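Step one of this worksheet: look at the structure below.
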Amino acid sequence: MRFTFDKQNRLVRYAQTYIGNVEVLRDAVEVISGADALKDLYQYNELPNNSTVKWTKLAYTALITVKADTIFVPTWVVAVVDANGDVSILRVNAIDGSVLK
C-alpha cells in the first residue's frame, strides 16, 4: 500500500496493489547500505542545502514495464526535509547506487 499525506500529516490518498506471478530474473545480489545511498544522493547534488534526512527505507520500485510485465528493483527511499519544511522523497537504486528520477 502507498499512502500520501499532506503537510499536516492528514491522509490525502492511498493506493493498494497486488503483485502476482512473480518471476526472479537474476541471482541474488548484495545491495548498498542506506548510508551509501545517502552518499550517492550527496555526490549527485540531490540533497538540498540545509536539509535533514527524516528517514530511509529499503523498498521495491517499478523500474520498467516490458510486454505488460513490470520489473522492480530494490530501492532506498529517502525522505528529506528542506529548510522550508517541505518533504521530498528521493530514490536510489540499491544495486548500483544510481539516483532514480
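The values are calculated or read from the model by the stated rules, or taken from the named source; none is laboratory data. Bear in mind that the values here come from a model prediction, so they are computed numbers and not experimental data. Cβ placement follows ideal geometry from the backbone for every residue including glycine, while neighbour counts extend to all protein chains displayed. The area values use the complete protein model at the heavy-atom level, side chains included, leaving out ligands, DNA and RNA. Shrake-Rupley method; radii C 1.70, N 1.55, O 1.52, S 1.80 Å.
I need the full set of residues from the range 42-75 which are within 20 Å of residue 25 (Cβ to Cβ) and either open to solvent by 80 Å² or more (accessible area, probe 1.4 Å) or of a type in the set (Phe, Trp, Tyr) (or both), in order please. Don't jump to the end; show me each part of the working.
Residues of the range 42-75 that are within 20 Å of residue 25 (Cβ to Cβ), as a first pass: 58-75.
Answer for the range 42-75, where residues must be within 20 Å of residue 25 (Cβ to Cβ) and either open to solvent by 80 Å² or more (accessible area, probe 1.4 Å) or of a type in the set (Phe, Trp, Tyr) (or both): 58, 60, 63, 64, 65, 67, 68, 69, 72.
Given the criteria farther than 20 Å from residue 29 by Cβ, open to solvent by 60 Å² or more (accessible area, probe 1.4 Å) and not basic (Lys, Arg), does residue 78 qualify?
For residue 78, the condition - farther than 20 Å from residue 29 by Cβ, open to solvent by 60 Å² or more (accessible area, probe 1.4 Å) and not basic (Lys, Arg) - is not met.
Does the range 27-45 contain any residue that is farther than 14 Å from residue 97 by Cα, out of contact with any Leu (no Cβ under 6 Å at 6 or more places or on another chain) and at pLDDT below 95?
The answer is yes, given that some residue of the range 27-45 is farther than 14 Å from residue 97 by Cα, out of contact with any Leu (no Cβ under 6 Å at 6 or more places or on another chain) and at pLDDT below 95.
In the range 1-18, what residues are open to solvent by 100 Å² or more (accessible area, probe 1.4 Å) and either farther than 19 Å from residue 62 by Cα or touching a Phe, Trp or Tyr at 6+ places or on another chain (Cβ under 9 Å) (or both)?
Residues satisfying the conditions are 1, 2, 3, 5, 7, 8, 9, 10, 13, 14.
Do we find that residue 11 is of a type outside the set (Ser, Thr, Tyr) and under 15 Å from residue 92 (Cβ atoms) in this structure?
Spelling it out, it is not the case that residue 11 is of a type outside the set (Ser, Thr, Tyr) and under 15 Å from residue 92 (Cβ atoms).
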